[in-house]
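Have a look at the structure below, then the notes.
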Amino acid sequence: MSAAAQLDPAASDYDVEAVRADFPIFRQPIHGKPLSFLDSAASAQKPQAVLDQLMRTYTTRYANVHRGAYFLSEAATSDYEAAREKVRAFINAAGPGEVIFTRNATEALNLVAQSWGRSNMGPGDAVIISDMEHHSNIVPWQLLRDQVGIELRVCPITDAGELRMDALRDLLDERVKLVAVTHVSNVLGTVTPVDEIVRLAHEAGARVMLDGCQAIQHMTVDVQALDVDFYAFSSHKLYGPTGIGVLYGKEALLDAMPPFLGGGDMISTVSYERSTWAALPAKFEAGTPTIAEAIGFGAAIDYVSGIGVDRIAAHERDLLNYATQKLASVEGLRIYGTAPGKVSVVSFTLEGAHPHDVATILDRSGVAVRAGHHCAQPLMERLGVQSTTRASFGMYSTRSEVDALVDGLEKVREIFG
């Protein structure tokens, strides 16, 4: 029986060992040590329920979707569209046409830049991003700048890693057509004040795009309550398969946007003279989609919802507090990102040791962490470092894994001390 079935949603306790038992990868040792997987911010592990759904789809219900008038195609189409409905309900979109399946959040961000951006922006218009963006929320706007002549403005952050809202107000003027910022920083764990960002942007006549890759797995996201215009996230960070992401967009905006890619299934009619487009969401889903992955994503949403997003978040807050206290005892360690209310991501440097060396030595103890610039080179420059080591926690993470991290860091200190 899965943890989702065992755990009482009304209970205040959180049985992390029951959750952990649902993830087969934790049954194998790494270098002879129990696996301490502390890189969920990069990509989360998958529960058995998701793996079973993938196998079930490929072995019993697989065919191309939206195309066949036979049982397997109809069954696969039903499962695929059911997964879209699960995503819609999970983020409280107004309708299934507002949920566009993409390859990942990067494609979702590029879709908005190349479709909405090229249709609605030109020379003299501006996009605001922030100092803590992932490259996926920087490069698409640079490409648009080079293509149509827009201005790219950057909102600074404080030393604690908080967005400078006073600066955002100063940057907002009639030339700004879009504010595109992260909901949660993948490096610092900072949760940006999205309610205020959306309000200020809309008052200034600008649209808002949120990169939700690091938020969707840590908190309840209600796109209607946020009143956000576009929201992007990926399945693989929400314990689902890779190769499938989501763009949420308000229906009126998506309706007015031209297709991003052309091909099968996104058309209504095709002739040599012209083509007409299918209704939402098909207009933005050209070609054969990632069928099994989308259905597997639906299974991941079922699994997470069965345990409870709020209960998972409470568990992760406890881990973050515990890790912050334990890491503070490591001599020469400096944590980057100390904003209140941050999610369970801890980036740090250790005096005398390069982050890549830290990660390599930790790996010998079975501890998996990320080292590098985390696809956020401008943020690294703002922080005054070239790279950091990052430990990030998920629904299956434990205090004993934090202890293994700290023990491993003490070994690093012995080597480089």
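The values are calculated or read from the model by the stated rules, or taken from the named source; none is laboratory data. In this text the structure is predicted, and so the values were computed from the model without any measurement. Here Cβ is always computed from backbone atoms with ideal geometry, including for glycine, and neighbour counts include all displayed protein chains.
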Search region 36-54 for residues being more than 21 Å from the chain's Cα centre (by Cα) and surrounded by 22 or more Cβ atoms within 10 Å (Cβ to Cβ), and hand back the single one that is farthest from THR242 (Cα to Cα).
SER36
Scan of region 118-137 for residues that are among the small types (Gly, Ala, Ser) and in a loop (DSSP other than H, G, I, E, B), ordered by number
GLY122, GLY124
Failed item, numbered, when LEU253 is tested on (1) touching an Asp or Glu at 6+ places or on another chain (Cβ under 8 Å); (2) assigned by TED's automatic domain parsing to the domain that holds ALA376; (3) of a type in the set (A, V, I, L, M, F, W, C)
(2)
Note: among VAL194, VAL184, just one is surrounded by 15 or more Cβ atoms within 10 Å (Cβ to Cβ), in contact with a helix residue (DSSP H, G or I) (Cβ under 7 Å, 6 or more places away or on another chain) and of a type outside the set (S, T, N, Q), namely VAL194
Examine region 352-366 for a residue that is charged (D, E, K, R), in contact with an Asp or Glu (Cβ under 9 Å, 6 or more places away or on another chain) and not in a loop (DSSP other than H, G, I, E, B), and state whether such a residue exists.
no
Please work out which one of (1) buried (at least 23 other Cβ atoms within 10 Å of the Cβ); (2) in contact with a Pro (Cβ under 8 Å, 6 or more places away or on another chain); (3) under 16 Å from LEU210 (Cα atoms) is the condition ILE150 fails and give its number.
(3)
Count - residues of region 276-298 that are within 17 Å of the chain's Cα centre (by Cα) and either aliphatic (A, V, I, L, M) or outside the structural domain of ASP222 (by TED's automatic domain parsing) (or both):
1
Condition (residue is over 20 Å from ALA42 (Cβ atoms) and surrounded by fewer than 16 Cβ atoms within 10 Å (Cβ to Cβ)) applied to region 349-367: is it met by at least one residue?
yes
Taking SER329 as the residue in question, decide whether it is small (Gly, Ala, Ser), outside any strand (DSSP E or B) and more than 30 Å from TYR303 (Cβ to Cβ).
yes
State the number of residues belonging to region 118-147 that are surrounded by 20 or more Cβ atoms within 10 Å (Cβ to Cβ) and polar (S, T, N, Q).
3
Do you know which of the residues in region 55-65 that are surrounded by fewer than 18 Cβ atoms within 10 Å (Cβ to Cβ) and touching a residue at least 40 places away in the same chain (Cβ under 8 Å) is nearest to GLY306 (Cα to Cα)?
TYR58
Among (1) within 30 Å of LEU38 (Cβ to Cβ); (2) not in a helix (DSSP H, G or I), which single condition is PRO140 missing?
(2)
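Of all the helices (runs of 4 or more DSSP H) wholly in region 3-117, which have at least 2 residues that are β-branched (Val, Ile, Thr)?
Where helices (runs of 4 or more DSSP H) fall fully within region 3-117 and carry at least 2 residues being β-branched (Val, Ile, Thr), they are 16-21, 48-60, 71-91.
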